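Accompanying notes for the structure given below.
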Amino acid sequence: MSAPHPRPAAVLFDCDGVIVDSEPITDRVIAENLTRHGFPIAPHRVSELFIGGTIAGIAAHVRARGLDLPASWVEDVYEEMFAALARGTPLVAGIVEVMAALDRAGIPYAVGSNGPHRKMRVTLGQHPDLMSRLEGRLFSREDVARPKPAPDLYLHAALALGAAPAACAVIEDSPTGIRAARAAGMTCFGHAARTDPGRLAAAGAIPFARMADLPGLIGL
């Protein structure tokens, strides 16, 4: 394992793919929906093209390629996603242990997600013990002017925790989120369970394979 980095003043987590293993579910829903609308795409391509982005961004991408999506498409696909996620969204293995280690070390943490608050309530709400750790520390792109890859969301979360951006560590799984963290002046660690570690490193993150590796990387 690499030598540990300086212990952060605060840790900011992405949500999907970092705390909850929701992306296989949402990729499938989006792929099935777009295919029904005449844009055939496999779930793995949804992940490759859109990981870390927004549903509105997917709509813009597809419409730019000539597909006539309904005006209500973003709202409609969110409803499909929420229903699928509500049927069961597992946690990323090891994430509870990471948060427990941060609690023992007295290091505050928060979540910054490009998804809406309702999505986090659906996914994280299935795990009450974890949700209780995050009460008041869940931040969405709905809370800021610009979503990732802009730095707004992570700067907002750092301010809420009273931590200097340069002293924060961000845990991400997408190049989009990594660019947001780097633009905020933060060190970023890339969870590479479902994303090519080379792609994460190229975006500016320090990749790691398992959540169990993270405490050692950040000096806990």
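Key figures for this structure:
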item: Residue count for region 1-41, restricted to those that are in contact (Cβ under 8 Å) with a residue 60 or more places away in the chain and over 18 Å from Leu85 (Cβ atoms); result: 11
item: Criterion (among the basic types (Lys, Arg), on the phi < 0 side of the Ramachandran plot and surrounded by 17 or more Cβ atoms within 10 Å (Cβ to Cβ)) met by exactly one of Arg210, Arg194, Arg182; result: Arg182
item: Count of residues meeting criterion [on the phi > 0 side of the Ramachandran plot and either touching a strand residue (DSSP E or B) at 6+ places or on another chain (Cβ under 8 Å) or hydrophobic (A, V, I, L, M, F, W, C) (or both)] in region 2-48; result: 1
item: Hits in region 1-16 - residues which are of a type outside the set (D, E, K, R) and modelled with pLDDT of 95 or more; result: Pro8, Ala9, Ala10, Val11, Leu12, Phe13, Cys15
item: Spans of helices (runs of 4 or more DSSP H) in region 1-71 with at least 2 residues within 24 Å of Pro147 (Cα to Cα) and acidic (Asp, Glu); result: 23-36
item: Test for Asp173: is it out of contact with any helix residue (DSSP H, G or I) (no Cβ under 7 Å at 6 or more places or on another chain), closer than 28 Å to Arg104 by Cβ and surrounded by 22 or more Cβ atoms within 10 Å (Cβ to Cβ); result: yes
item: Test: residue in region 140-152 that is within 23 Å of Gly94 (Cα to Cα), of a type in the set (A, V, I, L, M) and either under 16 Å from the mean Cα position of the chain (by Cα) or crowded, with 16+ Cβ neighbours inside 10 Å (or both); result: no
item: Identity of the residue in region 197-207, assigned to a helix (DSSP H, G or I) and buried (at least 17 other Cβ atoms within 10 Å of the Cβ), that ends up nearest to the chain's Cα centre (by Cα); result: Leu200
item: Every pair of residues 6+ apart whose Cβ atoms lie under 8 Å, when the first sits in region 90-109 and is at pLDDT 95 or above and of a type in the set (D, E, K, R) while the second is in a helix (DSSP H, G or I) and crowded, with 20+ Cβ neighbours inside 10 Å; result: Glu97/Met211
item: From Phe50, Phe39, residue being within 22 Å of Pro90 (Cβ to Cβ) and among the hydrophobic types (A, V, I, L, M, F, W, C); result: Phe50
item: Inter-residue pairs, beta-carbon under 6 Å, first under 15 Å from Ser174 (Cβ atoms) and in region 194-220, second of a type in the set (Gly, Ala, Ser) and not in a loop (DSSP other than H, G, I, E, B), 6+ apart; result: Leu200/Gly190; Ala205/Gly190; Pro207/Gly190; Pro207/Ala201
item: Condition met for Val74 (buried (at least 16 other Cβ atoms within 10 Å of the Cβ) and at pLDDT 95 or above); result: no
item: Residue in region 83-127 that is surrounded by the most Cβ atoms within 10 Å (Cβ to Cβ), counting only those that are assigned to a helix (DSSP H, G or I) and small (Gly, Ala, Ser); result: Ala84
item: Residue within region 58-78 that is among the hydroxyl-bearing types (Ser, Thr, Tyr) and more than 24 Å from Leu217 (Cβ to Cβ) present; result: yes
item: Selection status of Leu130, in a loop (DSSP other than H, G, I, E, B) and either in contact with a Leu (Cβ under 9 Å, 6 or more places away or on another chain) or not charged (D, E, K, R) (or both); result: no
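The values are calculated or read from the model by the stated rules, or taken from the named source; none is laboratory data. From a predicted model like this one, the values you see are computed outputs, not experimental measurements. Note that we place each Cβ from the backbone using ideal geometry, even for glycine, and neighbour counts take in every protein chain shown.
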